[in-house]
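Colleague: My questions will all concern the structure given below.
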Amino acid sequence: MAQGRNASTTTSTGFGWPTPRPRLSLKLLVNAVLLGLCLASALAVIATSHEIRERYARLQKLENEQQQLQTEWGQLLLEESAWSSPSRIERLASQRLEMRLPDVDEVEVIRP
């Protein structure tokens, strides 16, 4: 019986020495699969880290742009308030259009 088991796993050379038959062991297959999965996982981590860095850089650029636009908006609001101040409008009306406030005796009230 012992010879039968040895005969199935080994082959005999011309010199009578038993040599093991090459076969893929289960452990080797499992190790290869695990190694492949580890490599795939490592590549996924690298790709994800790269994408996160790119998106963070884009976020920083957009935040800077938002801050610049917010500053510009504030300056435009100040400029608008300066151009539309009542004193400036009154001065322009009197200088360019020669407008003035009417005297009390020049005001007429019209009733319906």
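The values are calculated or read from the model by the stated rules, or taken from the named source; none is laboratory data. All values reported here derive from a predicted model rather than from experimental measurement. Counting neighbours? That spans all protein chains shown, and the Cβs are built from the backbone with ideal geometry, glycine included. Accessible surface areas use protein heavy atoms only, side chains included; no ligands, DNA or RNA. Shrake-Rupley method; radii C 1.70, N 1.55, O 1.52, S 1.80 Å.
Colleague: From the list 81, 87, which residue is exposed (fewer than 10 other Cβ atoms within 10 Å of the Cβ) and at pLDDT below 90?
Modeller: The conditions single out 87.
Colleague: Given 97, 59, which one is assigned to a loop (DSSP other than H, G, I, E, B), at negative phi and either hydrophobic (A, V, I, L, M, F, W, C) or open to solvent by less than 100 Å² (accessible area, probe 1.4 Å) (or both)? Step through it out loud before you land on a result.
Modeller: Working: 59 fails: assigned to a loop (DSSP other than H, G, I, E, B).
Answer to the selection: 97.
Colleague: Say we look at region 10-58 and pick out the residues that are modelled with pLDDT under 95 and among the hydroxyl-bearing types (Ser, Thr, Tyr); which of these is nearest to the chain's Cα centre (by Cα)?
Modeller: 25
Colleague: Another question, then. Take residue 53 and decide whether it is of a type outside the set (Ser, Thr, Tyr) and assigned to a helix (DSSP H, G or I).
Modeller: Numbers: of a type outside the set (Ser, Thr, Tyr): yes; assigned to a helix (DSSP H, G or I): yes.
Yes, satisfied.
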